[in-house]
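**Student:** Before I ask anything, let me first share the structure, which is written out below as structure tokens.
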Amino acid sequence: MDFGFTEEQQYVKDVARKFADERLFPHAGEFDKNAKLDRGVIKEMAELGLMGVKVPEKYGGTGLDELAYVISLEELARGCASHALVAAVHGSLFTFPLLEYGTEEQRTKYIPAVCSGDKMAAYSLSEAGSGSDAVSLRLLATEDGDSYVLNGTKLWVTHGADADYIILFATVNPELRTKGIVAFVIETDRPGFAVGKNEDKMGYKASPTSEIIFTDYRVPKENQIGEVGKGFNIAMETLNHGRISIGAQAVGMAQRALEIAAKYSCERKQFGKEISTFQGLQFMMADMEAKIHTARLAVYQAAWLKSKGKAAIKEAAIAKMMASEMGTEVAHSAIQILGGYGYTHEYNVERIYRDVRLCEIFEGTNQILRIVIARELLKEYTDN
Ligand SMILES: Cc1cc2nc3c(=O)[nH]c(=O)nc-3n(C[C@H](O)[C@H](O)[C@H](O)COP(=O)(O)OP(=O)(O)OC[C@H]3O[C@@H](n4cnc5c(N)ncnc54)[C@H](O)[C@@H]3O)c2cc1C
């Protein structure tokens, strides 16, 4: 077992860290306040190769491994969660299903423009009546010659309002359950696509989350990914993959919260000495450090397993669950260490607290992940 980084992994870590420190973190409060992504910043991230870290070079990516990818996301989220999420949606939710299940035409048509930051991408599974129970989705795909006609509404689409391309899950017949689910890559500039309500959220405010509406939207069969009935598997495998990237973001946010708290504690004086000298706060910071350390190991190990071609379903779920809950706890403690200033916008820890809380909810709530972990764990006993 080797816990060291390769030269390439260290390089990507350094590049992402510098970018986060110089181009993201100084403006993260402003991005949050204005609730807007900066397309120029996204383009800069792309130019540094951070928009497709593990996408093969022949599709415009950087061609590194899964671990390099999660390290880059951790560092970006240490700067700004909303912009890190762009790299995660592009790197996991959009490119993964195309690379794994798409046709060569689809890959060459859609992936390079996303890696270059010229196009925005999204992944749309959730609906009003189908969140954790994803099989119950109802967006209807009706076959018509060499196309499908889509009708229905999707909810909670990250980048839904900005996306040029979307990985979309629909059903040819809701009664068929998983057997009816089909995946597409769709283009949003075609007739029949509309953006509905934009959500006003607690955190990840710069990252737009929207409802999207399909009315007699015609998608050519050449945009279908895999067969009818394979869509649910594609959706779940993509999420299994994406979960590690959510864990990585939570680790990055927690790391920043601890850094802010530690620095503040060494500067702030009460009772004639730095508050960092109070054992009560030292124990809090020791716990924060230990929790970040262990969550990071879980994230890296899950990524390492993925890079070895393992499914790592249980490990990915553990990584996301542990890291997201750790992130909330660490950000909570950071606010406490800063006292009154922790509760203001000035020091960023309240923003991190609001941002990191989402990691417990999206790409499978932590309750659903506990179901996944228990199922995988009990397989060993029930399969015999
Ligand atoms: C900011 C944001 C961005 C998002 N981005 C995307 C996106 O880009 N694409 C996309 O497709 N979706 C996206 N989502 C949707 C997200 O994945 C869902 O919100 C999530 O899967 C939970 O679904 P739900 O909100 O319908 O909650 P529900 O499924 O209604 O769950 C409500 C509560 O019940 C619990 N629960 C449900 N079933 C069980 C069970 N069997 N056992 C125990 N507890 C259970 C849940 O854990 C939760 O606590 C996003 C959500 C948010 C908030």
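**Student:** What whole-number distance in Å separates the alpha-carbon centres of the range 1-72 and the range 317-384?
**Tutor:** Computed from Cα coordinates, the inter-centre distance equals 22 Å.
**Student:** Okay, next question. Sort 129-135, 345-351 by packing, meaning the average of other beta carbons within 10 Å per residue, with the highest value first.
**Tutor:** With the highest mean Cβ count within 10 Å placed first, the list reads 345-351, 129-135.
**Student:** OK, next. Taking 0.36 nm per residue of sequence separation and subtracting the Cα-Cα distance, how much length would be gained by fully extending the chain between Glu259 and Lys33, in nm to one decimal?
**Tutor:** 79.1 nm
**Student:** So which residue, out of Asp32, Asp144, Asp65, gets the largest mean-square fluctuation from a GNM of the chain using Cα contacts under 10 Å as springs?
**Tutor:** Result: Asp144 has the largest fluctuation of those listed.
**Student:** Please get the size of the charge dipole for the range 7-119, origin at its Cα centre, with Cβ charges of +1 on Lys and Arg and -1 on Asp and Glu, quoted in debye to the nearest 20.
**Tutor:** 360 debye
**Student:** Distance from the Cα centre of the range 236-254 to that of the range 122-144, in angstrom?
**Tutor:** Between the Cα centre of the range 236-254 and that of the range 122-144, the gap is 22 Å.
**Student:** Can you give the charge dipole size of the range 83-128 about its Cα centre, rounded to the nearest 20 debye, using +1 on the beta carbon of Lys and Arg and -1 on the beta carbon of Asp and Glu?
**Tutor:** 120 debye
**Student:** Quick check: convex hull of the Cα atoms in the range 7-119, volume per residue, rounded to a whole Å³?
**Tutor:** Considering the Cα atoms of the range 7-119, their hull volume per residue is 81 Å³.
**Student:** Here's another thing I want to ask about it. Would the range 11-55 count as rounded, prolate or oblate if I go by the C-alpha gyration tensor, calling it rounded below 1.5 in a/c and otherwise prolate when a/b exceeds b/c, oblate otherwise?
**Tutor:** oblate
**Student:** Could you work out [θ]222 nm for the chain from helices alone, using -39500 (n - 2.57) per DSSP H run of at least four and dividing by all its residues? Round to the nearest 500 deg cm²/dmol.
**Tutor:** Result for the chain, helices only: -16000 deg cm²/dmol.
**Student:** At 0.36 nm per residue, minus the direct Cα-Cα distance, what do Gln10 and Arg268 gain on full extension? Give it in nm, one decimal, please.
**Tutor:** That works out to 89.5 nm of additional length.
**Student:** How much solvent-accessible surface does Met202 expose, in Å² to the nearest 10, with a 1.4 Å probe and all protein chains in place?
**Tutor:** Result for Met202: roughly 110 Å² accessible.
**Student:** For Ser147, what residues show an amide H to amide H distance below 5 Å, using hydrogens built from the backbone and excluding near sequence neighbours?
**Tutor:** Correct list: Lys221.
**Student:** A further question follows. How much area per residue is accessible in the range 31-169 when the probe is 1.4 Å and only protein heavy atoms are counted (Å²)?
**Tutor:** Here the per-residue accessible area is 33 Å².
**Student:** Right, here's the next one. Accessible area, 1.4 Å probe, largest first: how do Arg357, Arg218, Arg296, Arg375 sort?
**Tutor:** Sorted by accessible area, descending: Arg375, Arg218, Arg357, Arg296.
**Student:** When you count, for each residue, the other Cβ atoms within 10 Å and take the mean per peptide, how do 243-255, 12-24 rank with the highest first?
**Tutor:** Answer by packing, highest mean first, reads 243-255, 12-24.
**Student:** Let me know the volume per residue of the alpha-carbon convex hull for the range 232-382, in Å³.
**Tutor:** So the per-residue hull volume is 113 Å³.
**Student:** Is the shape of the range 180-249 rounded, prolate or oblate, going by the alpha carbon gyration tensor and its root eigenvalues a ≥ b ≥ c, with a/c under 1.5 for rounded and a/b larger than b/c for prolate?
**Tutor:** Oblate is the answer for the range 180-249, as a/c is 1.5 or above yet b/c matches or exceeds a/b.
**Student:** Let me make sure I get this right: for the range 117-180, a, b and c are the square roots of the gyration tensor eigenvalues over alpha carbons, sorted descending. Under 1.5 in a/c it's rounded, otherwise prolate if a/b > b/c, else oblate. Which is it?
**Tutor:** oblate
**Student:** Show me, for the range 145-152, the HN-Hα J-couplings you get by feeding each phi into the Karplus relation (A = 6.51, B = -1.76, C = 1.60, θ = phi - 60°), rounded to Hz, glycine and proline as x.
**Tutor:** Values, residue by residue: x, 8, 9, 10, 10, 9, 9, x Hz.
**Student:** While we're here: For the residue pair Glu237 and Glu222, what label-to-label distance in nm results when each label sits 7 Å from Cα along the Cα-to-beta-carbon direction?
**Tutor:** Modelled inter-label distance: 2.4 nm.
**Student:** Can you compute the modelled spin-label distance between His345 and Ala286, with each label point 7 Å from Cα toward Cβ, in nm?
**Tutor:** The two pseudo-label positions are separated by 3.8 nm.
**Student:** Still on this model: Grab the Cα-Cα distance for His293 and Lys308, subtract it from 0.36 nm times how many residues apart they are, and report the gain in nm with one decimal.
**Tutor:** Result for the pair: 3.1 nm of gain on full extension.
**Student:** A further question on this structure: Place +1 on the Cβ of every Lys and Arg and -1 on the Cβ of every Asp and Glu in the chain, take the dipole about the Cα centre, and give the residue among Val219, Ser307, Ala261 whose Cα lies farthest towards its positive end.
**Tutor:** The residue sitting farthest along the positive end of the dipole is Ala261.
**Student:** Further question: About the Cα centre, and with charges only on the beta carbon of Lys, Arg (+1) and Asp, Glu (-1), how big is the dipole of the range 122-228? Nearest 20 debye, please.
**Tutor:** It works out to roughly 280 debye.
**Student:** Here is a follow-up. Could you run the Karplus curve 6.51 cos²θ - 1.76 cosθ + 1.60 with θ = phi - 60° over the range 370-377 and give me ³J(HN,Hα) per residue in whole Hz, x for Gly and Pro?
**Tutor:** Computed from phi, the couplings for the range 370-377 are 5, 4, 4, 5, 5, 4, 5, 5 Hz.
**Student:** Over the chain, what portion of Cα pair distances is larger than 31 Å, expressed as a whole percent?
**Tutor:** Pairs farther apart than 31 Å: 35 percent.
**Student:** Now for a separate question. Between Phe3 and Lys43, what FRET efficiency follows from the Cβ-Cβ distance if R0 is 35 Å, with the result rounded to 0.05?
**Tutor:** 0.55
The values are calculated or read from the model by the stated rules, or taken from the named source; none is laboratory data. Values in this document were obtained by computation on a predicted structure and should not be read as measured data. When we count neighbours, we look across all protein chains shown, and the Cβ atoms used for this are built from the backbone with ideal geometry, even at glycine. Surface accessibility is based on the protein's heavy atoms, side chains included, excluding ligands, DNA and RNA. Shrake-Rupley method; radii C 1.70, N 1.55, O 1.52, S 1.80 Å.
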